[in-house]
Amino acid sequence: MEKRKAKRGWTALLIVSIVFTVIGIIYILVGSFVGAQSIEGDPVIFKGVFCGLGIIFLIVGVICLSLEISKRIRCNRLINSGQYIMAEISEITMNYAVRVNYRHPYVIICRYQDMYGNIHTFRSRNLQFDPAPLLKDRMVKVYTEGENFKHYYVDIDGVLPEVIRH
């Protein structure tokens, strides 16, 4: 059986973690090697400030990176476990919390009613195009951890054709 991967793309958390990690490494290198030879006065203060800031940036970057990697691993594990429910697409809306190139991405919201009558809503990943005219079906697979709906992945690739951007 071929292992599938979740499509998550470049998230804001991934970008922030990469930027903070790179800045932290640069500050540590500057504080360790470059600053000691080129500063007049007390190089210990210069090293302390640059290396201290570098360590803070590096720690924040690594923590954010580990959060993003764990989300990606969890989504891949959910897809490859094969446990899913069929949820009905209830609406397609714009995610006004995010803006890329002055445009808000679209999100598919779907709902599922369990055997107890509870209605659960799930949100898909951000899409840079309006998926409404491209939908093949009104039902979508939502991969879950059994009855625990806290962690899920909405597999919108099953109801959308493959979109190739040039």
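The values are calculated or read from the model by the stated rules, or taken from the named source; none is laboratory data. Because the structure is predicted, anything quoted here is derived from the model rather than measured. With ideal geometry, Cβ positions are generated from the backbone for all residues, glycine too; neighbour counts draw on all protein chains shown. When the accessible area is computed, the model is the full protein with side chains, heavy atoms only, and any ligands, DNA or RNA have been set aside. Shrake-Rupley method; radii C 1.70, N 1.55, O 1.52, S 1.80 Å.
If you filter region 149-166 down to residues that are within 21 Å of residue 80 (Cβ to Cβ) and in a loop (DSSP other than H, G, I, E, B), you find that the one that is most open to solvent (accessible area, probe 1.4 Å) is 162. Considering each residue of region 23-39 in turn, at least one proves to be at pLDDT 90 or above, among the aromatic types (Phe, Trp, Tyr) and open to solvent by 60 Å² or more (accessible area, probe 1.4 Å).
Of all residues in region 64-101, those that are among the hydrophobic types (A, V, I, L, M, F, W, C), farther than 24 Å from residue 129 by Cα and touching a residue at least 24 places away in the same chain (Cβ under 8 Å) total 5. Filtering region 110-125 to residues that are free of Cβ contacts under 8 Å to residues at least 40 places away in the same chain and either surrounded by 11 or more Cβ atoms within 10 Å (Cβ to Cβ) or assigned to a strand (DSSP E or B) (or both) leaves 111, 112, 113, 114, 119, 120, 121, 122, 123, 124. Here the condition is being touching a Phe, Trp or Tyr at 6+ places or on another chain (Cβ under 7 Å) and open to solvent by 50 Å² or more (accessible area, probe 1.4 Å); of 137, 130, it holds for 130 alone. If you go through region 145-158 one residue at a time, do you hit one that is under 18 Å from residue 79 (Cβ atoms), modelled with pLDDT under 90 and touching a His at 6+ places or on another chain (Cβ under 8 Å)? Yes, the conditions are met somewhere in region 145-158.
Restricting to region 126-148, give me the number of residues that are without any contact (Cβ under 8 Å) to a residue 12 or more places away in the chain and part of a strand (DSSP E or B). Summing the residues that are without any contact (Cβ under 8 Å) to a residue 12 or more places away in the chain and part of a strand (DSSP E or B) in region 126-148 gives 1. Taking (1) surrounded by 13 or more Cβ atoms within 10 Å (Cβ to Cβ); (2) within 15 Å of the chain's Cα centre (by Cα) in turn, residue 70 satisfies each apart from (1).
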